[in-house]
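As C-alpha cells, the structure follows; a few thoughts come after it.
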Amino acid sequence: MRGAGQQLTRDEVDWRQLPASSVTQATRVPGIQNQRCNRCLAVMTRANRLPSGAWYCQECLTLGRVTDHTELFRFPKRTERIGDGQLTWQGDLTADQARVSQELIATFDERRDRLLWAVTGAGKTEMLFPLLAHALAKQAQIAIVSPRVDVILELAPRLQQAFVNTPIAILYGGQHEVIESSLVLATTHQLLRFYHAFDLVIVDEVDAFPYATVPMLDRAVHQASVGPIIYLTATPSNAMLRAVQHQKLAVSYLARRFHQFPLPKPQVKLISTGLPTRAHYKMIEKC
Ligand SMILES: [Zn+2]
C-alpha cells in the first residue's frame, strides 16, 4: 500500500494515489494534543500560541506547520517485502568485518539496540549488507537515515547496486515522494513523516550535526521504529558511551580499516624549536 507506515498531514497525503480502503485504515490524530505535538512530540509552551489562541509547533516547522486544527493521518505499516531483497554485492568482508556483521544480525534477531563504533574507512556500509539481506528475508521494513543529506546521496547508488532488485525510496528535503519500498534511505528529519513504520532503523553519522544537538531527531527515530536501532559512528558521544557502560546499548568496535592495518596511534613528541618564547614545543602527529 502506498503511504504505508507514514504519518502525514491532510495536505501531504496524495489522495489520487491512495485507494479508499487505505484511507479508512488510517488512524487520525490531531496535530497537537494535550499541549504536545503528535508529529515530533515537542511539548508546547506559551511561545507556541498564535494570536487566535490556536497552538502550533515550532520544532517541526521545517516540514510544514502543525496546529491543533491539523489532522495527522497515520497509515498502518507495511508487512510484506517489496522487491526480492537479494544481496547482489559480490565483495568479500574481512574477518573483522564479518564478525561485526554477524553481531549486527544477532542484534536484529534479539531486537536489541547497538552501537557500531568503527573508524572512518572501516567499511561500515559493506558490513551492513548481510544484515539488510537477513532482515529483508524476514519481510522487515528498514530505514537507513543520516542527519547529513550528502551521506544519503553518497550511499544511495552503492545501496542500489548491492540490492539491484529491491526498490529503494530516497527521501530528503525537496525529495519526499515515497515510492513503494521496504528499504528507505532518508535524512533523519524525514522520519517525522513516519510512525511505527520500521522493523529496523540504522542511524549513520549519529554524531553529526544536527542530530547530536536537536533532540527532536532522536524522538523521530524512536517514533518511526518498532524494532531495534543501530547507531553508526567513528566518534560516539559521552552519552552513548555511558549507555554502553550501563549495558543499555550493545557495542561492536572496529579499529581496523578495510586494508587490515590498525589505525595508527598519534605520538606526541616535544621538541625544541629554538625560539626564545613560549612557542617552545611543537606537536608532531604521526599518522
Ligand atoms: Zn512538532
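For the chain, modelled as a GNM whose springs connect Cα atoms under 10 angstrom apart, the maximal fluctuation among Val268, Val164, Val251 occurs at Val268.
Taking only the C-alpha atoms of the range 120-175, the Rg (one decimal) and the largest Cα-Cα distance, Dmax (whole number), read 11.7, 32 Å.
Quote the convex hull volume per residue of the range 1-126, based on C-alpha atoms, as a whole number of Å³.
Working: hull volume 24.5 nm³, N = 126.
Dividing the Cα hull volume of the range 1-126 by its residue count gives 195 Å³.
Placing unit charges on C-beta atoms (Lys and Arg positive, Asp and Glu negative, everything else neutral), compute the dipole magnitude of the chain about its Cα centre in debye, rounded to 20.
For this selection, approximately 820 debye.
Each residue in His196, His189 was given a count of other beta-carbon atoms within 10 angstrom of its own, and listing them fewest first yields His196, His189.
Its residue count N sets the reference 2.2 N^0.38 Å, and the alpha-carbon radius of gyration of the range 184-246 equals 1.08 times that reference.
Annotation: the residues Val149, Val203, sorted from fewest to most other C-beta atoms within 10 Å of their own C-beta, follow the order Val149, Val203. Working from Cα positions, state the angle (0 to 90°, nearest 10) between the long axis of helix 95-109 and the longest principal axis of the chain. Rounded to the nearest ten degrees, it is 30. Each Lys or Arg adds one and each Asp or Glu takes one away; over the other residues whose Cβ falls under 12 Å from the Cβ of Thr188, this sums to 0.
Need one number: the % of Cα-Cα pairs in the range 124-226 sitting beyond the 22 Å mark.
Numbers: 1150 of 5253 pairs.
So the portion of pairs separated by more than 22 Å is 22 percent.
Dipole orientation for the chain: of the candidates Tyr172, Gln17, Gly91, Tyr172 has the Cα lying most toward the positive pole (charges on Cβ; Lys, Arg +1; Asp, Glu -1). For the chain, the longest principal axis of the Cα atoms and the long axis of helix 124-137 meet at an angle of about 40 degrees. Between Gln35 and Gln102, the distance separating the two model label sites (each 7 Å from Cα on the Cα→Cβ line) works out to 5.3 nm.
Calculated on the alpha-carbon coordinates, the convex hull of the range 7-74 measures out at 86 cubic angstrom per residue. Every helix of 4 or more DSSP H residues in the chain counts as -39500 (n - 2.57), and over all residues that averages to -7000 deg cm²/dmol at 222 nm. In the chain, the ratio of gyration radius to Kirkwood radius, Rg to Rh, stands at 1.06 when only Cα atoms are counted.
Mind putting a number on the dipole of the range 7-74 about its Cα centre? Charges go on the C-beta only, +1 for Lys and Arg and -1 for Asp and Glu, and I need it in Debye to the nearest 20. Could the numbers behind the result be given before it?
On the way: 9 positive and 6 negative charges, 32 e Å.
In debye, rounded to 20, the range 7-74 gives about 160.
For Ser52 and Glu12, the FRET efficiency from 1/(1 + (r/R0)^6), where r spans their Cβ atoms and R0 equals 22 Å, is about 0.45.
The numbers here are math on the coordinates, done by the rules we state, and not lab data. Fair warning: this is a prediction, and the values are worked out from it, not measured in the lab. All Cβ positions, even for glycine, are placed from backbone atoms using ideal geometry, and neighbour counts span all protein chains on display.
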